[in-house]
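K.L.:
Okay, handing you the structure first.
The values are calculated or read from the model by the stated rules, or taken from the named source; none is laboratory data. These numbers were taken from a predicted model, which means no experiment stands behind them. All Cβ positions, glycine included, derive from the backbone under ideal geometry; neighbour counts span all protein chains shown.
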Amino acid sequence: MQKENVANVANYLTYKGKHKGLLGWVLSTDHKRIGLLYLYSIMTMFSVGVLLGLAMKFELLAPGKTIMEAQTYNATFTVHGVIMIFMVVIPGLPAVFGNFLLPIMIGAKDVAFPKLNLLSWWLYVAGVFLVLSAVIFGKGAPDTGWTFYAPYSFKTGTNLLPAIFGAFILGFSSILTGLNFLVTIHRMRCPGMKWSKLPLFVWTLYGTAWIQLLATPVVGITLVLVALERMFGVGVFDPALGGDPILYQHLFWIYSHPAVYIMILPAMGAISEIIPTFSQKMIFGYKAIIASTMAIAFVGYLVWGHHMFTAGMSGTAQYYFSLLTFIVAIPSAIKVFNWISTMYKGSINVQTPLYWAVSFIFVFLIGGLSGLVLGSLAANVHLHDTAFVVAHFHYIVFGGTGFAFFAAAHYWFPKIYGRMYDKGWANAGWLIFFIGFLALYTPMFYLGIMGMPRRYYDYLDDFHGGNILSTFGSWIMVTGLVIIIINLIRSARKGPAAEINPWRGKTLEWTVSSPPSLENFDEIPVIAEDDGPYNYK
Amino acid sequence: MEQNAHGAHTHYDAEASKIGMWLFISTELLLFGGLFIVYSIYRYLNADAFHLAGEELNITIGAINTVLLLVSSMTIAMSTSTLQLKKKGATLGLLAVTIIIGLVFLVNKYFEWGTKFEHGIFPGSEHMLNEFSQGEILFFGLYFVMTGLHALHIIVGLIVILFAVVRIQKGTVHENRAALLENAGLYWHLVDLIWIFLFPLFYLIH
């Protein structure tokens, strides 16, 4: 099989279509090439975001001005947030691994609307350039924070409009991807691929797609209103004209809280693929994971108020939002239980993706539990807008989605490129990254409890120790990141050829060649009655 | 782009296109849903001012536009039927009528907005800031945003219909491959439906 595979030159990477070279990629409607286009553009923006984050941590190395003024710091955390949220973690797993794997996992040759899929990527690129133009041109980079809170978002003199329109277009790209995935999952499953046999990654993409579709338009119209407010002064969020800025916060979080689940659900899906493969065991509680996925997608809509406990809302509303916040933690906890039970008595094969997956569970637990601390009303009053919040969402968003992204990258790498990476360097990169991550964000929990506010370039001397540790952590983490990325880039070009199924996985992508052929399958597969995505003997 | 080389990329699934369109329509409803929420909240908070401001609008033009859009929804629905009956000429004629009605709607809207502008009623105008209460400012702010966004959707709808006309003329959309026209129709009905809500909210409720 292996030789035949190497001899087969017409895989999706080497295929030559109507257009040659770079055009053959940026005009390709092949879902695998589009997945890689997303991978490269997202990793580019991720690197920019990491550099901005490094600069912020460097500024906080010592009290007072270290390398930048307050205004520069405000712009830095704003652009860092906009890039990381809208361009990296929201599209992250669905656009890269979803695009690449969804059709293969359900036994299809492509997504339902390949041209629309390409359009999504082009919209993504347009959104990226719009946001970047806000940074480069005009009177200063945006300084509102990624949340664009009213009324400051239409009072600030910085160049905010392109950033708002950029975020709107990125949202539109996300909607189209979600729409495409929903139709694909409904219409393109191969014979015998019942809903009860879908791999869990597909199920989480399904839940994610619904959120993308049903939550994004609300933030879209909210951003349009802020832009119109800025341009014409329509008054909707302007207290001077009778508008209500708190209403902006409600509308913003009605989307942006579900968006957190856009980020984390596919991450949970990837982990649910990796754990059974490396435990060589049927996933524990397949149906419970599906039910909890859909429960998260649903309850996630009802908790937005917990971002606004101190912004002014009725006590009754606070109780409900707090209670619902605790309820939404239950399905996540069910998943953690399922992953750990899957590993129990499994024949565990310790490889790089498993290191990432297990460390994901660890940081996700801390991130999730600290979320409950913030979700309880009394603690929230003390911790609101402190470094504790920053630590919490970096543990969830970066520790959750980021770790799962690298887990997925190391898991599916041999399938995507048909080559294997150097496992020693990959493990070393993971370890250094993990240590750096803990050193970077853990002190922020402590600093937040002590009262250090977020979004300030300066702090009291009492907070110096924790900040030094945190900044050192950022250097360690970036060292690990550089090792990981260099190893993957090098291996994609020069690594030894990978087998079709190096991890002995049971899902469909492990039955096609590595890298897959242009149309994935020579013949559309048929799933037998007793076959399943996790049938390990 | 590699369509000819790919069997998979040329496959045609009318059902999938229709599901896709319905999903897209649901996102459009949510987009306007956000605005409807904003409208209801401010109407609740400024009931009297909204009443007063609503009387400024011209019910006649609003009613004419409502009738126009309802008729255009009928003509585009008829065009999908005539396409099934292989009457290409009738289909194209009905679509032309739809497009003309859409344009007349926009012309009406232009004059309606123009009158408001002449009277100094537009966001940020001196007249409004000095003479109007906060509730009235909000009413007209929302009026321009919501009818403006709706007009934008009319324009997009017209472009989609025009696209369908070209494809029908070229023969790539026909009775066995009608998804594009059907989706254009669905989208046009959505635009119509949103107007059916906008008309009473701004013109009729007093």
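K.L.:
Which of the residues spanning the range A:94-150 are β-branched (Val, Ile, Thr) and farther than 30 Å from A:PRO199 by Cβ? Working first, answer last.
P.N.:
Kept after step one, since they are β-branched (Val, Ile, Thr), are these residues of the range A:94-150: A:96, A:104, A:106, A:111, A:125, A:128, A:131, A:135-136, A:144, A:147.
Answer for the range A:94-150, where residues must be β-branched (Val, Ile, Thr) and farther than 30 Å from A:PRO199 by Cβ: A:VAL128, A:VAL131, A:VAL135, A:ILE136, A:THR144, A:THR147.
K.L.:
For the subset of the range A:484-537 comprising residues that are β-branched (Val, Ile, Thr) and in contact with a Pro (Cβ under 6 Å, 6 or more places away or on another chain), which member is nearest to A:MET282 (Cα to Cα)?
P.N.:
Within the range A:484-537, the subset β-branched (Val, Ile, Thr) is A:484-486, A:489, A:500, A:507, A:511-512, A:524, A:526-527.
From what is left, the residues that are in contact with a Pro (Cβ under 6 Å, 6 or more places away or on another chain) are A:507, A:526.
On the way: A:THR507: 12, A:VAL526: 21 Å.
Residue satisfying both the conditions and the ranking: A:THR507.
K.L.:
If we only count helices (runs of 4 or more DSSP H) wholly inside the range B:121-204, which ones have 1 or more residues that are closer than 14 Å to B:LEU95 by Cβ and acidic (Asp, Glu)? Quick ask: steps written out before the conclusion?
P.N.:
Details: elements: B:126-131, B:134-170, B:179-199.
Answer list for the range B:121-204: B:179-199.
K.L.:
Moving on to the next point. Quick test for you: out of A:SER28, A:SER41, pick the one residue that is under 23 Å from the mean Cα position of the chain (by Cα) and either at pLDDT 95 or above or surrounded by 20 or more Cβ atoms within 10 Å (Cβ to Cβ) (or both). Steps first, answer last, please.
P.N.:
Values: A:SER28 fails: under 23 Å from the mean Cα position of the chain (by Cα).
That would be A:SER41, the only listed residue that is under 23 Å from the mean Cα position of the chain (by Cα) and either at pLDDT 95 or above or surrounded by 20 or more Cβ atoms within 10 Å (Cβ to Cβ) (or both).
K.L.:
Something else about it: Let me spell it out: the conditions are (1) more than 30 Å from A:PHE237 (Cα to Cα); (2) within 14 Å of chain B (Cβ to nearest Cβ); (3) not basic (Lys, Arg), and A:ALA95 meets all of them except one. Which number is the exception?
P.N.:
Result: A:ALA95 fails condition (2) only.
K.L.:
So, one more: Can you name every residue in the range B:48-74 that is assigned to a loop (DSSP other than H, G, I, E, B) and more than 21 Å from the chain's Cα centre (by Cα)?
P.N.:
Result: B:GLU55, B:GLU56.
K.L.:
While we're on this one: In this structure, is B:ALA77 within 14 Å of chain A (Cβ to nearest Cβ) and out of contact with any Cys (no Cβ under 6 Å at 6 or more places or on another chain)? Step through it out loud before you land on a result.
P.N.:
Numbers: within 14 Å of chain A (Cβ to nearest Cβ): no; out of contact with any Cys (no Cβ under 6 Å at 6 or more places or on another chain): yes.
Here the answer is no, as B:ALA77 does not meet what is asked.
K.L.:
Within the range A:338-363, work out how many residues are without any contact (Cβ under 8 Å) to a residue 40 or more places away in the chain and touching a Gly at 6+ places or on another chain (Cβ under 9 Å).
P.N.:
Qualifying residue count for the region: 1.
So that you can scan it fast, the table gives a plain yes or no per residue for (1) within 9 Å of another protein chain (Cβ to nearest Cβ); (2) more than 16 Å from the chain's Cα centre (by Cα):
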| position | (1), (2) |
| --- | --- |
| A:ALA163 | no, yes |
| A:LEU170 | no, no |
| A:TYR206 | no, no |
| A:GLY220 | yes, yes |
| A:LEU223 | no, yes |
| A:VAL226 | no, yes |
| A:ASP244 | yes, yes |
| A:PRO266 | no, no |
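K.L.:
I would also like to ask the following. Kindly indicate whether A:SER470 is within 22 Å of the chain's Cα centre (by Cα), among the polar types (S, T, N, Q) and surrounded by 16 or more Cβ atoms within 10 Å (Cβ to Cβ).
P.N.:
On the way: within 22 Å of the chain's Cα centre (by Cα): no; among the polar types (S, T, N, Q): yes; surrounded by 16 or more Cβ atoms within 10 Å (Cβ to Cβ): yes.
No: the conditions fail for A:SER470.
K.L.:
Given the structure, is B:GLY20 within 14 Å of chain A (Cβ to nearest Cβ), in a helix (DSSP H, G or I) and either in contact with a helix residue (DSSP H, G or I) (Cβ under 8 Å, 6 or more places away or on another chain) or not hydrophobic (A, V, I, L, M, F, W, C) (or both)?
P.N.:
Values: within 14 Å of chain A (Cβ to nearest Cβ): yes; in a helix (DSSP H, G or I): yes; either in contact with a helix residue (DSSP H, G or I) (Cβ under 8 Å, 6 or more places away or on another chain) or not hydrophobic (A, V, I, L, M, F, W, C) (or both): yes.
Here the answer is yes, as B:GLY20 does meet what is asked.
K.L.:
While we're on this one: Hey, can you tell me all the residues within the range A:8-60 that are touching a helix residue (DSSP H, G or I) at 6+ places or on another chain (Cβ under 9 Å), within 14 Å of chain B (Cβ to nearest Cβ) and in a helix (DSSP H, G or I)?
P.N.:
Result: A:GLY24, A:TRP25, A:VAL26, A:HIS31, A:LYS32, A:ARG33, A:ILE34, A:LEU37.
K.L.:
Exactly one condition in (1) surrounded by fewer than 15 Cβ atoms within 10 Å (Cβ to Cβ); (2) closer than 25 Å to B:VAL104 by Cβ is false for B:LEU57; which is it?
P.N.:
In the conditions (1) surrounded by fewer than 15 Cβ atoms within 10 Å (Cβ to Cβ); (2) closer than 25 Å to B:VAL104 by Cβ, B:LEU57 misses (1) alone.
K.L.:
From (1) surrounded by 15 or more Cβ atoms within 10 Å (Cβ to Cβ); (2) among the charged types (D, E, K, R); (3) within 14 Å of another protein chain (Cβ to nearest Cβ), pick out the condition that doesn't hold for A:LYS506.
P.N.:
It fails just one condition, (3).
K.L.:
Out of all the residues in the range A:153-193, which are under 20 Å from A:LYS109 (Cβ atoms) and free of Cβ contacts under 8 Å to residues at least 40 places away in the same chain?
P.N.:
Matches in the range A:153-193: A:LEU182, A:HIS186.
Here is a yes/no grid of residues against (1) buried (at least 24 other Cβ atoms within 10 Å of the Cβ); (2) within 7 Å of another protein chain (Cβ to nearest Cβ); (3) over 19 Å from A:TYR261 (Cβ atoms); (4) at pLDDT below 95:
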| residue | (1), (2), (3), (4) |
| --- | --- |
| A:PHE201 | yes, no, no, no |
| A:ALA209 | yes, no, no, no |
| A:LEU214 | no, yes, no, yes |
| A:ARG230 | no, no, yes, yes |
| A:ASP238 | no, no, yes, yes |
